[in-house]
Amino acid sequence: MSVDAATVRRIAHLARIAVAEGEVEHLKDEINAMLAFVDQLKEVNVEGVEPMTSVTPMAMKKRHDVVTDGNDAEAVLKNAPQSEDNFFLVPKVVE
Amino acid sequence: MTAQSKPDRLIKGASGDWEVVIGMEVHAQVTSKSKLFSGASTEFGGAPNSHVSLVDAAMPGMLPVINEECVKQAIRTGLGLQAQINLKSVFDRKNYFYPDLPQGYQISQYKSPVVGEGEVTVDLPDGESVTVGIERLHLEQDAGKSLHDRNPALSYVDLNRSGVALMEIVSKPDLRSSEQAKAFITKLRSILRYLGTCDGDMEKGGLRADVNVSVRKPGAALGTRCEIKNVNSIRFIGQAIEFEARRQIEIIEDGGTIDQETRLFDPNKGETRSMRSKEEAHDYRYFPDPDLLPLEVTEKYVAELKSQLPELPDEKKARFMRDFALSLYDAGVLVAERETAEYFESVAKGRDAKLAANWVINELFGRLNKEGRDVTTSPLSASQLGGLIDLIADGTISGKIAKELFEILWSEGGDPRAVVTARGMAQVTDLGAIERFIDAVIAQNPDKVAQAKANPKAMMWFVGQVMKSSGGKASPQAVNDLLKTKLGL
């Protein structure tokens, strides 16, 4: 598996990462090198092996349905570049 | 899928009949106190960002921990939809950027949902019933809310809803008319409310539907569909489908083709329009969320939940018809809302169920509808209505007087029997008293007596006179019996 320059631009856009045109070629080579490394896994025969979704042999912990958090808008908004009346303010987004 | 539309459901176009094919994705907010992966409250209408934990705000290093109640509610819903419950399911990240989604991804379930295929039986107003397949049900997080009207250059973001548990319930494309779609969402809502897994409040966003609509010539392959987003009332769902089907038919008949796209319903104009910003095809790059282990439940746990399910609308309807000998229509009306069914059952308990059904459906519902109320805000309690029915059943009041009593109880309240006693509304069953009324009427109207002897139907005149002189309170049965004897009929 490998990617081309257009795919690199597309991935960057989907991840909202600004990539200068001059960086595309270099990134493409880096990504392809990583993909080639991971591709070695294809040599392993996994016929009949169930995909592993976790490396820890334990069941997922569940919480009880109790309200234990919240009521701290100040902490939630502490890093917001802009806020008003406890709302986050962001550049206008309208569908 | 293979269901054929009745001819009257087809839509007439310039080139002949068209069939509309509809599937729905319903987002139902799970009834729980705290969020799916955090301990913040799910309560509606808090001050901005007051029901937000650092998990919901996606602060670095915060980890999601699943709420067992939400899992339970999803499984109970699956059981109520007669669906396959998957003992192992997986949470995935659905990646996209939007200001009300601070994580940059929604935790959802993609390839392995907690609930698989099921079905819902939908009853239509004309008596027909249709089985609608359920494709799946999965758990996911809700997003926050953006307000766009407070500032021309800025959007205001409130994350109170961020992280609240939703069940996305996906139907198969089994619906063939706006009527069926409306009946489906109505029935689904009823099931959710019986189960207590979602409050079904469409106004507050507790239940929202995306509607997939396509058209085709009857029997042809499926057409290209458009998805109408977030239609927030049952009536609007009907309107959106009607508009969208005609829009698509017109385009195809004019030689055009349908673009698969997301559209928005505008309730003010009654039309759908394209959401242009979504034109770029979404690529959500789903992958299993590394912060969460697979969700596993045991067969025993599912069986336990199943054994504790409440009676659902279909079962209740069948029981009402079987045990109370109610008609399909009456039973359907009574079970549509859980509160209504409970009200009826408490009125009917230990009483004549048919009489109870008549009073609940005709008198009570009629009156409630007139005043725009529902049974939960009825001025007349089930025990008052039951008391009124007891007075009819034991002959204390006639049906006619009962309607007057209903009005008094409705507007003034009170104990039915006490009201009847205080206002002297009891019917006169004292035969001696009735006899005196009859004797007086006979003595004053010898000509009418002769008429009645010649034509027994003329006796009705006497019944009317006697009832009148008793102030409407004489027992009609006793009056009839006594008159027949006195007139020698």
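Residue by residue through the stretch B:70-81, which ³J(HN,Hα) values in whole Hz follow from phi under the Karplus form 6.51 cos²θ - 1.76 cosθ + 1.60 (θ = phi - 60°), with glycine and proline marked x?
Residue by residue, the stretch B:70-81 yields 5, 5, 4, 5, 5, 5, 4, 5, x, 5, x, 9 Hz.
Would you mind giving the mean number of other chain beta-carbons within 10 Å of the Cβ of each residue in B:41-53, as a whole number?
So the per-residue partner count for this stretch is 5.
Search the structure for amide H atoms under 5 Å from the amide H of B:L175, placed 1.01 Å from N in the peptide plane, and list their residues when 5 or more places away or on another chain.
B:I22
Over the stretch B:156-257, what per residue volume does the convex hull of the Cα atoms give, in whole Å³?
Taking the convex hull of the Cα positions in the stretch B:156-257, it is 134 Å³ per residue.
Which of these, A:E43, A:E21, A:E74, has the largest mean-square fluctuation under a Gaussian network model of chain A (Cα springs below 10 Å)?
A:E74
What are the residues whose amide H is under 5 Å from the amide H of B:D92, where those residues sit 5 or more places off or on another chain and H is modelled from the backbone?
HN-HN under 5 Å from B:D92: B:S108, B:Q109, B:Y110, B:D289.
What number, in percent, do you get for the relative contact order of the stretch B:194-298 if the mean sequence gap of Cα pairs under 8 Å and at least 6 apart is divided by its residue count?
20 percent
Give me a single rounded figure for B:256-267: the average over its residues of other chain Cβ atoms within 10 Å of their Cβ. Write out the running numbers ahead of the final one.
Details: counts 0, 0, 0, 0, 0, 0, 1, 0, 1, 0, 0, 0.
Per residue, the average neighbour count from other chains is 0.
Go ahead and estimate [θ] at 222 nm for chain A from helices alone: -39,500 (n - 2.57) per DSSP H run with n ≥ 4, summed, over the residue count, rounded to 500. Walk me through the numbers before you get to the answer.
Numbers: 3 runs with 34 residues, N = 95.
The helix-only estimate for chain A comes to -11000 deg cm²/dmol at 222 nm.
Between B:K111 and B:T377, what is the spin-label point distance in nm, taking each point 7 Å from the Cα along the Cα→C-beta axis?
According to this spin-label approximation, the distance is 5.0 nm.
Could you go through the stretch A:74-91 in sequence order and give the Karplus-derived ³J(HN,Hα) for each residue, using 6.51 cos²θ - 1.76 cosθ + 1.60 with θ = phi - 60°, rounded to whole Hz, and x for Gly and Pro?
Per residue, the Karplus-derived 3J(HN,Hα) values read 4, 5, 4, 9, 4, 9, 5, x, 8, 8, 7, 6, 6, 9, 6, 10, 9, x Hz.
Normalise the Debye intensity by I(0) for the stretch B:198-303, one equal point scatterer per Cα, no solvent, then take log10 at q = 0.11, 0.12, 0.20 Å⁻¹ and round to two decimals.
Result of the Debye calculation: -0.53, -0.60, -1.05.
Just the number, please: percent antiparallel of the DSSP beta bridges in the protein assembly as shown, rounded to the nearest 5.
Details: 60 of 67 bridges.
Approximately 90 percent, going by the DSSP bridge assignments.
So if R0 is 41 Å, what FRET efficiency would B:K486 and B:S411 give, r being the distance between their Cβ atoms, rounded to the nearest 0.05?
On the way: r = 40 Å, r/R0 = 0.97.
Here the calculated transfer efficiency is 0.55.
When N counts the residues of the protein assembly as shown, how does its alpha-carbon radius of gyration compare numerically with 2.2 N^0.38 Å, as a ratio?
So the Cα radius of gyration is 1.32 times the expected 2.2 N^0.38 Å.
For the stretch B:431-487, take the convex hull of the Cα atoms, compute a quarter of its surface area, and give me that in nm², please.
Taking a quarter of the hull surface, the average projection is 3.2 nm².
How shielded is B:153-161 by partner chains, expressed as the average number of their Cβ atoms within 10 Å of its Cβ atoms? Don't jump to the answer; show the numbers that get you there.
Details: counts 3, 9, 8, 8, 7, 5, 5, 2, 0.
If you average over the peptide's residues, the count of other-chain Cβ atoms is 5.
Convex hull volume of the Cα atoms in chain B, per residue, in Å³?
Convex hull of Cα atoms, per residue: 221 Å³.
Read phi for every residue in the stretch B:469-480 and hand back ³J(HN,Hα) as whole Hz from Karplus 6.51 cos²θ - 1.76 cosθ + 1.60, θ = phi - 60°, with x for Gly and Pro.
Once θ is set to phi - 60°, the couplings for the stretch B:469-480 become 5, 8, x, x, 9, 5, 5, x, 5, 5, 4, 4 Hz.
Please state, to two decimals, what the Cα-based radius of gyration of the stretch B:127-173 comes to when divided by 2.2 N^0.38 Å (N = residues). Show your work: numbers first, answer last.
On the way: Rg = 17.6 Å, N = 47, 2.2 N^0.38 = 9.5 Å.
Ratio of Cα Rg to 2.2 N^0.38 Å: 1.86.
Based on the alpha carbon coordinates of the stretch B:111-153, what radius of gyration and maximum Cα-Cα distance (Dmax) apply, in Å?
Radius of gyration, then largest Cα-Cα span, for the stretch B:111-153: 19.1, 53 Å.
Note down the relative contact order for chain B as a percent, whole number, built from C-alpha pairs under 8 angstrom at least six residues apart.
14 percent
Return the long-range amide H neighbours of B:R161 (sequence gap of 5 or more, or a different chain), with a cut-off of under 5 Å between placed amide H atoms.
The answer is B:K145.
Calculated from DSSP H runs of 4 or more alone, at -39500 (n - 2.57) each and per residue, what is the 222 nm mean residue ellipticity of chain B, nearest 500?
Mean residue ellipticity at 222 nm (helix-derived): -11500 deg cm²/dmol.
Could you sort the peptides B:150-156, B:198-204, B:385-391 by per-residue average Cβ neighbour count (10 Å cutoff), highest mean leading?
The most tightly packed comes first, giving B:385-391, B:198-204, B:150-156.
For chain A, compute the orientation-averaged projected area of the C-alpha convex hull (one quarter of its surface), in nm².
12.9 nm²
In square angstrom and rounded to 100, what buried accessible area do you get between chains B and A, total over both, with the probe at 1.4 Å?
The contact between A and B buries close to 4100 Å².
Please name the residues of the stretch A:31-72 whose accessible area, counted over protein heavy atoms with a 1.4 angstrom probe, falls by no less than 50 Å² between the chain alone and the full protein assembly.
Relative to the lone chain, where solvent access is computed with a 1.4 Å probe, the stretch A:31-72 loses at least 50 Å² at A:T53, A:M60, A:K62, A:R63, A:D65, A:V67, A:D69.
State the Cα centre-to-centre distance between the stretch B:169-206 and the stretch B:447-474 in whole Å.
57 Å
For a bin width of 5 Å, list the pair-distance distribution of the stretch B:311-422 built from all Cα-Cα distances, rounded to whole %.
Spelled out per bin, shortest first, that is 2, 12, 24, 24, 19, 12, 5, 1, 0.
The values are calculated or read from the model by the stated rules, or taken from the named source; none is laboratory data. Predicted, not measured: the structure shown is a model, and the values here were computed from it. FYI the Cβ positions are ideal-geometry reconstructions off the backbone, even for glycines, and counts take in every protein chain you see. These area figures cover heavy atoms from the full protein model, side chains too; ligands, DNA and RNA do not enter into them. Shrake-Rupley method; radii C 1.70, N 1.55, O 1.52, S 1.80 Å.
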